[in-house]
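Shown next, in structure tokens, is the structure this report addresses.
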Amino acid sequence: MNNSVGNAARLLGAGLRALLVLTVICGVIYPLAVTGIAQALFNDNANGSEIKDKNGQVVGSSLIGQTYNLPKNDPNNAEEAARPDLKWFQPRPSNGLGSNSVNTRYALILSGATNRSADNGAVGGLCPASAEEGTLCAQVVAAKDAVIADNSTASYPVKPEDVPADAVTSSGSGLDAHISPEYAKIQVHRVAERNGLNVQQVEKLVADHTAGRILGFMGEPRVNVLELNTALKALPQH
């Protein structure tokens, strides 16, 4: 009987010691070591890839897209459609186009895209102007018409063939912070006109904020919309 109690006590003691050691190693030392390495070597990434304005205020993360919309006429009307503020560069679509019913307008509660296939509503592999309402094709056609109307100016009419795919579809996560240089390019004249800026000045701003392929071969060239609009806001005219 005494041997059984002694054995149980030894096993219990060994288990408690192992629990204590593993708690210290896995719950204290390891997290502190990983945090320290991350802060030392990847400080910006470890702190959320924050973007700051000229006053040093955090305006967002370079990893998460934002919307640039005008205030609602009725803030309490959830059904009122969002209207883009056209003095800013606009991101990829996020209000239901290519996103699920939960993640709209870059809401962080859930990421994900629509389950509609690329040919949803298509005829002969193409999206007709008369695509059935509610289909992905109908949404893409409407988005393309809006992009052309919003970005055309007296001196720069946007051609339908110039509208890139990312201007009318959202990303797989619905949270993409980037647009293609092609989409940024067709917004330049509108942004310059709305802000009283020189077109060349805005083109240079886009060029300065265009990132190339990762390591020269992975991914595609891209423009971070938040970084671009933050730089735009910092110009003297603003």
When residues of the stretch 122-150 are limited to those that are polar (S, T, N, Q) and surrounded by 14 or more Cβ atoms within 10 Å (Cβ to Cβ), the one farthest from the chain's Cα centre (by Cα): T135
Count of residues meeting criterion [within 20 Å of D150 (Cα to Cα) and either at pLDDT 65 or above or not in a loop (DSSP other than H, G, I, E, B) (or both)] in the stretch 71-128: 18
Looking only at the stretch 215-238, and only at residues there that are under 18 Å from the mean Cα position of the chain (by Cα) and among the polar types (S, T, N, Q), the one that is surrounded by the most Cβ atoms within 10 Å (Cβ to Cβ): N229
Qualifying residue in the stretch 186-198 (condition: surrounded by fewer than 17 Cβ atoms within 10 Å (Cβ to Cβ), at pLDDT below 95 and farther than 17 Å from P84 by Cα): yes
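Kindly indicate whether D176 is in contact (Cβ under 8 Å) with a residue 12 or more places away in the chain, touching a Gly at 6+ places or on another chain (Cβ under 9 Å) and under 29 Å from E50 (Cα atoms).
On the way: in contact (Cβ under 8 Å) with a residue 12 or more places away in the chain: yes; touching a Gly at 6+ places or on another chain (Cβ under 9 Å): yes; under 29 Å from E50 (Cα atoms): yes.
Yes.
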Listing of helices (runs of 4 or more DSSP H) fully contained in the stretch 2-65 that carry 3 or more residues being hydrophobic (A, V, I, L, M, F, W, C) and farther than 26 Å from Q90 by Cβ: 2-24, 30-41
Among (1) over 18 Å from E227 (Cβ atoms); (2) touching a Leu at 6+ places or on another chain (Cβ under 8 Å), the one test that S62 misses: (1)
Residue among P181, P164, P160 that alone is of a type outside the set (F, W, Y) and in contact with a Phe, Trp or Tyr (Cβ under 6 Å, 6 or more places away or on another chain): P164
Residue satisfying all of: in the stretch 152-185; assigned to a loop (DSSP other than H, G, I, E, B) and among the hydroxyl-bearing types (S, T, Y); surrounded by the most Cβ atoms within 10 Å (Cβ to Cβ) among these: S170
Selection status of S62, within 30 Å of S117 (Cα to Cα), surrounded by 11 or more Cβ atoms within 10 Å (Cβ to Cβ) and touching a helix residue (DSSP H, G or I) at 6+ places or on another chain (Cβ under 9 Å): yes
Qualifying residue in the stretch 190-209 (condition: closer than 28 Å to V141 by Cα, basic (K, R) and assigned to a helix (DSSP H, G or I)): yes
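The values are calculated or read from the model by the stated rules, or taken from the named source; none is laboratory data. Keep in mind the model is a prediction, meaning the values are calculated, not measured. Counting neighbours? That spans all protein chains shown, and the Cβs are built from the backbone with ideal geometry, glycine included.
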